[in-house]
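Just so it is clear, none of the values below were taken in a lab; they were calculated from the coordinates. Only a predicted model underlies this, so the values are computations on that prediction, with no experimental measurement involved. Note that each Cβ is placed from the backbone with ideal geometry, even for glycine, and that neighbours are counted across all protein chains shown.
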Amino acid sequence: MKTIYFVRHAKSSWDHAGMRDIDRPLNERGLRDAPFMAQLLAGKIARPDRILSSPANRAHSTAQFFASAFGIPAGEVEVVREIYEAWPDEIIRIVTNLPDEWGTVFLFGHNPTFTAVANMFSEEYILNLPTCGIFSVEADVDTWKKFGREKGRLTALHFPKQHLD
């Protein structure tokens, strides 16, 4: 069994008009939601084998909160450049190339890609994965190379508004 948790970055700031997109930080709501959702997930599942993140500041910052909640050193969050601005097929390619010794992986990235990926595995259409939204996909496979639409299924969907005001 292979399980991947896709986490859309928490809410980011648009306060600095001249800032490059990749550099945008989390805003106040993002700084509230990310640690909350990290603790929520840490209370439900075991520690992941690896955390992979887009290089975007907002995604990497979100991943750091999750690493902390699971007792994973900040330096072990692996930045994968290809996640930033990836299309859904590129995300699936990243997943199918993961090392097989990893059974559970967290992947931090962006919309609209993550909503599209969620819909590849969901029986019901998902209009939008909110910021700091999390969905898990389980695949009854022994190797990530076999991971895909026909083998995986969306098993959970969590987002901040389910729990916070």
Within the group Phe70, Phe106, which residue is aromatic (Phe, Trp, Tyr), within 17 Å of Val7 (Cα to Cα) and crowded, with 20+ Cβ neighbours inside 10 Å?
Phe106
Restricting attention to the stretch 89-125, which residues are part of a loop (DSSP other than H, G, I, E, B), of a type outside the set (Ser, Thr, Tyr) and either within 24 Å of Gln39 (Cα to Cα) or free of Cβ contacts under 8 Å to residues at least 24 places away in the same chain (or both)?
Trp102, Gly103, His110, Asn111, Pro112, Glu124
Checking Ile22 against (1) surrounded by fewer than 17 Cβ atoms within 10 Å (Cβ to Cβ); (2) under 24 Å from Glu138 (Cα atoms); (3) hydrophobic (A, V, I, L, M, F, W, C): exactly one of these is not met. Which one?
(2)
Is it true that some residue in the stretch 4-25 is outside any loop (DSSP other than H, G, I, E, B), free of Cβ contacts under 8 Å to residues at least 60 places away in the same chain, closer than 21 Å to His163 by Cα and not polar (S, T, N, Q)?
no
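Looking at Arg81, is it more than 19 Å from Leu41 (Cβ to Cβ), surrounded by fewer than 16 Cβ atoms within 10 Å (Cβ to Cβ) and in contact with a Pro (Cβ under 8 Å, 6 or more places away or on another chain)? Steps first, please.
Details: more than 19 Å from Leu41 (Cβ to Cβ): yes; surrounded by fewer than 16 Cβ atoms within 10 Å (Cβ to Cβ): yes; in contact with a Pro (Cβ under 8 Å, 6 or more places away or on another chain): yes.
Yes; evaluated as a whole, the condition is true for this residue.
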Just to check your reading of the model, which residue among Ala42, Ala86, Ala63 is farther than 25 Å from Ile22 by Cα and either crowded, with 21+ Cβ neighbours inside 10 Å or touching a residue at least 12 places away in the same chain (Cβ under 8 Å) (or both)?
Ala42
